[in-house]
1. Would any residue of the stretch 87-128 have its amide N under 17 Å from a label point 7 Å out along Cα→Cβ of residue 52? List them or say none.
2. Test of understanding: what is the full-extension gain from residue 123 to residue 83, defined as 0.36 nm times their sequence separation minus their Cα-Cα distance?
3. Can you compute the modelled spin-label distance between residue 166 and residue 93, with each label point 7 Å from Cα toward Cβ, in nm?
4. With a 1.4 Å probe and all protein chains kept in place, how do 83, 232, 93, 167 rank by accessible area, largest first?
5. Could you rank 211, 149, 94 by how accessible they are, 1.4 Å probe, largest area first?
6. What is the packing order of peptides 31-42, 68-79, taking the mean over residues of other C-beta atoms within 10 Å and listing the highest first?
7. Distance cut-off 19 Å, Cα to Cα: go down the list 169/220; 89/159; 16/233; 16/166 and report the pairs above it.
8. Test of understanding: what is the full-extension gain from residue 17 to residue 225, defined as 0.36 nm times their sequence separation minus their Cα-Cα distance?
Amino acid sequence: MEQDHIDKAIIENYGKLRTRMGALTAAFPVVVILIGLLWGIRLQPSLSDYYFAQTPAQGVADLYPARLWFCGLLFAVGVFLYRYKGFSKNEDRWLSLTGIFTLGVAIFPMGIPDKTSPFTLASFGYPNITLHGISAVLAFVCIGVIIFWYSDQTLSQIKNDETARKRFKTFYFLVGAYMLLAMGGSVIMHFLHTDRANDSYILFVEWSGLWAFAAYWFVKNWELRFVAESIRKESGSLSPMGNADVVQSL
């Protein structure tokens, strides 16, 4: 089997992986909310509230039907992030941490008012701070680090199109900034918004942040295709560069 054919398969598979991560991330809030509505569960104050969102239906075996989808989709995204390889060892480490913290959001349950839980910082005097919430915040922080510090590693390969390079760089900055603002806003509202049980402001902020992260993966695919084509054009060869040459350049 030719090396170029192998590298082409690797490029295509990583492109599909990025697309699936984007699709799963975008689908996560929509699927969880729709499953809840199908079971008669009203719109919750936040996505995490679906962990213990109880169906009003009588005589059903599963009292928390949205939890399965909540945890399942987070597990899928977490594993994808953990296994995905970036373009440097440091990016790999941040991606792995993001995957671990995403899994933590699924594994550790959210807190319930007036209920004790071993998954809080109660022993340190902070009973309202949960491992679930800590994992969610750290996952968003890691994503922000990846987007701010590592998303433009491959943009240096775009040497003859400054407009395109600035366009991608600006998009990554805006996505990273919005995600951090969304995360910070949701945390602030969680502690300061006293009437959160009667509205879903936090849910919509979280939803928008997740869609921004999904958009990052779709645009990353677009950028890498653009970079690969730019490398081929800049090779100066009459014949196109092979996929192995493109991978080596990246």
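1. Hits in the stretch 87-128 for residue 52 at 17 Å: 105-123, 126-128.
2. Working it through step by step, the gained length comes to 11.0 nm.
3. For residue 166 paired with residue 93, the spin-label model returns 3.4 nm.
4. Most to least solvent-accessible, the answer reads 83, 93, 167, 232.
5. Output order, biggest surface exposure first: 149, 211, 94.
6. 68-79, 31-42
7. Flagged as over cut-off: 89/159; 16/233; 16/166.
8. Contour length minus the Cα-Cα distance gives 73.5 nm.
The values are calculated or read from the model by the stated rules, or taken from the named source; none is laboratory data. What you see is a predicted model, and the numbers here were worked out from it, not measured in a lab. Please note: Cβ atoms are built from the backbone with ideal geometry, for glycine as well, and neighbour counts cover all protein chains shown. With ligands, DNA and RNA removed, areas are computed over all heavy atoms of the protein, side chains included. Shrake-Rupley method; radii C 1.70, N 1.55, O 1.52, S 1.80 Å.
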